[in-house]
Amino acid sequence: MVTVDDLSAGGTLPEPIVVEVVAVDWHPGKKRRAEVELQDTAQNPLKLIDYEGAKISVNWEPNHRYRISRCNVTGGGRGHDVQLAPSKRTVIEPLGSTQQNTRILVVGDTHIGRKKHPKTKAEIDPLGALTAAAEYSVNQEVDAVVHVGDIFHDNATHLQTLLTRQQVFERLNEAGIPFYYVRGNHESKAGNKLLDELEGITVFNLSTTGTTVGTDIQLFGADHQPEGNIPWDNLTFSKTADNGESILVLHQTLQQLSGEGTKNVDLSRIQRPFDGTFDFVVSGHHHDATMTNWNGIPVMYTGAAERMSTNKDPTDRVAWLLTVTDGSISYEQYDIPQPESKGVGR
């Protein structure tokens, strides 16, 4: 691999060089589009002068790598023995971000088995929605799919669970993507049977002991409990939640998380054994996506994966792509495509 040590002023690159952008000074003038601070694979500093005449279309981004070939090498300055001076014949290939990140797709309240919208009675397709979300996770090459409860509705049949196994779980398993979940307040005998069969192989029921995903995320979960009566004496807690960003997964109501009273979920009691706080909380049960916070911690209600909210102008038939980069959690909404043959209705 070519490094700065192989370069000399007055010639061209002997072979392509791979560099990482450290910083960019855009529009510095004097016919220069940008001055780009780089480092090679040996972490030697190097500068590139992006001349307007070279007509480079690359959008230089810090913490991204590029492969550069057919580029002029000139004398440097300000601590650089040489610098790169591209021309119209220079080839620059973006190689992507150098930052390590872990991504999970969070989805909830699929209610496979339901066929009608609870308010409008329009036809809905919960299995189609979860299948589309699974395919999106494969295309995005996520590290895991996390379901926040109510995978199946009470009336889910053996045939519906078989199709779920074929279209969702087998697809994720082929792609090497684990499926983590907490149980919601809706269950079916056929659905529970399927989850039990796949437990520890393709699907994993989250608990308060913690599960590490990638290098940046630690997942904790608690199954739904009526009126928030979490069985504290039956739970085993990890002593710490310091292996990356900690995310708590629940299936409880917003009032139980943010209000006061005997029927509420005591987040303080959940997080107390961890010697710290959770960085993010995701929950199901609400079919309309919304964001709130608890003591400064973001709390996301994911909304339903299919159209089934009874609120006016709701956010449903969505999933969420959560990304952890350098100790920070970001998220973006994924609107699950609506099949053309299916009615929506509100």
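Kindly indicate whether H117 is touching a Lys or Arg at 6+ places or on another chain (Cβ under 7 Å) and not hydrophobic (A, V, I, L, M, F, W, C). Spelling it out, H117 is indeed touching a Lys or Arg at 6+ places or on another chain (Cβ under 7 Å) and not hydrophobic (A, V, I, L, M, F, W, C).
Filtered by the rule that a residue be in contact with an Asp or Glu (Cβ under 8 Å, 6 or more places away or on another chain), modelled with pLDDT of 90 or more and more than 26 Å from G327 (Cα to Cα), the range 178-201 gives R183, G184, N185, H186, S188. V106 meets all of the listed conditions (1) open to solvent by less than 10 Å² (accessible area, probe 1.4 Å); (2) touching a helix residue (DSSP H, G or I) at 6+ places or on another chain (Cβ under 8 Å); (3) not acidic (D, E) but one, namely (2).
Of these, T98, T120, T161, which one is β-branched (V, I, T) and closer than 26 Å to G221 by Cβ?
Numbers: T98 fails: closer than 26 Å to G221 by Cβ; T120 fails: closer than 26 Å to G221 by Cβ.
Only one candidate qualifies: T161.
To keep it simple, each residue is scored yes or no on (1) assigned to a strand (DSSP E or B); (2) β-branched (V, I, T).
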| site | (1), (2) |
| --- | --- |
| V21 | yes, yes |
| W26 | yes, no |
| G53 | no, no |
| R67 | yes, no |
| T74 | yes, yes |
| G77 | no, no |
| R103 | yes, no |
| V106 | yes, yes |
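Looking at A129, A134, just one residue is over 23 Å from T325 (Cα atoms), surrounded by 14 or more Cβ atoms within 10 Å (Cβ to Cβ) and aliphatic (A, V, I, L, M), and that residue is A129.
Of the residues contained in the range 189-202, one or more are found to be more than 26 Å from Q140 (Cα to Cα) and touching a His at 6+ places or on another chain (Cβ under 7 Å). Considering only residues in the range 304-329 that are among the hydroxyl-bearing types (S, T, Y) and within 16 Å of V281 (Cα to Cα), the one that is most open to solvent (accessible area, probe 1.4 Å) turns out to be S328.
The values are calculated or read from the model by the stated rules, or taken from the named source; none is laboratory data. Quantities reported herein were computed from a predicted structural model and do not represent experimental measurements. FYI the Cβ positions are ideal-geometry reconstructions off the backbone, even for glycines, and counts take in every protein chain you see. In case anyone asks, the SASA skips ligands and DNA or RNA and just uses the protein heavy atoms, side chains included. Shrake-Rupley method; radii C 1.70, N 1.55, O 1.52, S 1.80 Å.
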